[in-house]
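One structure is given below, encoded as structure tokens.
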Amino acid sequence: MTYRIEKDSMGEIKVASDKYWGAQTQRSLLNFNIGNEVFPREFIKAYGIIKYVAAQINNNNNLVSDDIKNVIQEASNEVIKGKYDDQFPLVVWQTGSGTQTNMNFNEVIANIANDKLGNKLGVDSAVHPNDHVNRSQSTNDTFPTAINIASAIQINNNLLPALDNMLEKLNLKCDEFNNIVKIGRTHLQDATPLTLGQEFSGYSKQIENSIISIKNTFKFLLYLPMGGTAVGTGLNAPNNFDVDCAEEIAKITSLPFKTSPNKFESLGCHDSVVEVSGSLRGLAISLNKIANDIRWLGSGPRAGIGEIILPSNEPGSSIMPGKVNPTQCEAVTMVCSQVIGNDATLTFAGASGNFELNVYRPVMAYNILQSIRLLSDVVNSFTNNCIIDIKANEKKIKNNVNKSLMLVTALTPHIGYDKAAKAAKKAHEENSTLKSAILSLGYLKSDEYDEYVDPKKMI
């Protein structure tokens, strides 16, 4: 392997000749050999957008020449498209501001630009990572801007459409199961009847509520810290740099981004990310409940509840032939546990800022984007591979209803609570039907029982 000599304020350092990064990226690789968690594609894309826009606004303010602007934008656009993803190797576990990552982008884009101009790579060439690519910026305002852009794009383009599709499919199941009367369960014990459609309507409403919650917190991501530079004052940035950048980012992403009205708030804390994470945690809690209910309702097929039939997607056992497991439900609950854990990290990180800077940004970026991506993927998987093909086991449902002792609740207005309880206890102890217990106790006649105990009238 051949090397070139790069330099920064710390001195000279060797960098592999085929790498576009520079000295600060190389030092980070040497100093932070911690784990293998790197920033995802959506974050790289967001940072590319920032550098593309900054070059334009700097040029508008005569801070970089047309030639420099054009080549920075050309390089940034290639970063946006994913051409140079392998040039961003830094792990999440680094400086808490994300300085090395910002410099990674500055160095790579500068060197791509220099390569395009036919110049040698390095800080002595025409395009400088700090003076040109990072002009009018700081890590302190670009890094949280990248978090907001990446998170907003992923929520808008992936998560919300996935949830809308799940809601639609759940509502179809509500209609399909609307007239199927089944036994209810409270405390995991038999309760009064409802329809399977009503049961699924609870799941549908949970998802609807989660959509509302995510949309309510999503709007906080639209306020960008860009232009605050180091501490929120906007030092070294031209007038209206913040507003102009936000407008350009909005045009590129087709999302209504605007500049943050208070840069001290948006640099010193990241409440917007914490708020979004809270709504994602709420979604995870809802999905966990739904997935658990569905796998319990589908348990069996012969020795469990078995009131619904789950799709058979793949063999479930390496030793038990013919076994089929609720694998989609299990995937959902694992994702939910991860998202809830991510939220705990994000909550702690968000609460740990000091004065004008939060220094937990890289882990916040990694966790919020992982949560959004996992939830988007698992919602699509659960909807398409499970929910749409769920069938009602009407024979089992009817049998469970007929055996239930909780139908006795309908008799309470006619014979009183105490007699109803006595009849239910007698039927349970004798393993008889509720009707036979009522008749043997002489509380009602057969036709009276049939009139009062009609599951369809109890929903």
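Would you call G96 farther than 30 Å from V379 by Cα, in the same structural domain as F39 (by TED's automatic domain parsing) and small (G, A, S)? Here the answer is yes, as G96 does meet what is asked. The residues of the stretch 199-217 that are buried (at least 19 other Cβ atoms within 10 Å of the Cβ) and among the charged types (D, E, K, R) amount to a single one, E199. A count restricted to the stretch 248-270 and to residues that are of a type in the set (D, E, K, R) and surrounded by fewer than 16 Cβ atoms within 10 Å (Cβ to Cβ) stands at 2. Among the residues of the stretch 175-198, are any exposed (fewer than 15 other Cβ atoms within 10 Å of the Cβ), at pLDDT 95 or above, among the charged types (D, E, K, R) and more than 30 Å from K391 (Cβ to Cβ)? Scanning the stretch 175-198 turns up no residue that is exposed (fewer than 15 other Cβ atoms within 10 Å of the Cβ), at pLDDT 95 or above, among the charged types (D, E, K, R) and more than 30 Å from K391 (Cβ to Cβ). Looking for something in contact with a Lys or Arg (Cβ under 7 Å, 6 or more places away or on another chain) and in contact (Cβ under 8 Å) with a residue 40 or more places away in the chain - is there at least one such residue anywhere in the stretch 160-175? No, the stretch 160-175 contains no residue that is in contact with a Lys or Arg (Cβ under 7 Å, 6 or more places away or on another chain) and in contact (Cβ under 8 Å) with a residue 40 or more places away in the chain. Of the residues making up the stretch 1-16, just one is surrounded by 10 or more Cβ atoms within 10 Å (Cβ to Cβ) and either in contact with a Pro (Cβ under 7 Å, 6 or more places away or on another chain) or within 17 Å of T139 (Cβ to Cβ) (or both), namely D8.
Listed by position, the helices (runs of 4 or more DSSP H) enclosed by the stretch 261-351 that each have at least 3 residues that are in contact (Cβ under 8 Å) with a residue 24 or more places away in the chain, closer than 30 Å to Q198 by Cβ and out of contact with any Gly (no Cβ under 8 Å at 6 or more places or on another chain) are 271-297, 327-350. Among helices (runs of 4 or more DSSP H) entirely within the stretch 17-122, having at least 1 residues that are surrounded by fewer than 19 Cβ atoms within 10 Å (Cβ to Cβ), in contact (Cβ under 8 Å) with a residue 40 or more places away in the chain and of a type in the set (D, E) singles out 66-80, 99-116.
So that you can scan it fast, the table gives a plain yes or no per residue for (1) of a type in the set (V, I, T); (2) within 25 Å of I212 (Cβ to Cβ); (3) in the same structural domain as N354 (by TED's automatic domain parsing):
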site: A246; (1), (2), (3): no, no, no
site: I252; (1), (2), (3): yes, no, no
site: L255; (1), (2), (3): no, yes, no
site: G268; (1), (2), (3): no, no, yes
site: V274; (1), (2), (3): yes, yes, yes
site: S277; (1), (2), (3): no, yes, yes
site: L283; (1), (2), (3): no, yes, yes
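Every listed requirement among (1) touching a Ser or Thr at 6+ places or on another chain (Cβ under 6 Å); (2) modelled with pLDDT under 95 is met by R302 save one, (1). Assessment of the stretch 380-390 against the conditions (touching a strand residue (DSSP E or B) at 6+ places or on another chain (Cβ under 7 Å), in contact (Cβ under 8 Å) with a residue 12 or more places away in the chain and within 23 Å of G306 (Cβ to Cβ)) yields at least one matching residue. The set of residues in the stretch 352-362 that are touching a helix residue (DSSP H, G or I) at 6+ places or on another chain (Cβ under 6 Å) and either part of a loop (DSSP other than H, G, I, E, B) or β-branched (V, I, T) (or both) comprises G353, E356, Y360. Residue-level analysis places V133 among those that are crowded, with 24+ Cβ neighbours inside 10 Å, among the aliphatic types (A, V, I, L, M) and over 22 Å from the mean Cα position of the chain (by Cα).
Scanning the stretch 408-420 for residues that are surrounded by 14 or more Cβ atoms within 10 Å (Cβ to Cβ) and out of contact with any strand residue (DSSP E or B) (no Cβ under 7 Å at 6 or more places or on another chain) yields V408, A410, L411, T412, H414, I415, K419, A420. Would it be correct to say that N179 is farther than 30 Å from L346 by Cα and without any contact (Cβ under 8 Å) to a residue 12 or more places away in the chain? Judged against the criteria, N179 is not a match.
The values are calculated or read from the model by the stated rules, or taken from the named source; none is laboratory data. In this text, all values refer to a predicted model and were calculated from it rather than measured experimentally. All Cβ positions, even for glycine, are placed from backbone atoms using ideal geometry, and neighbour counts span all protein chains on display.
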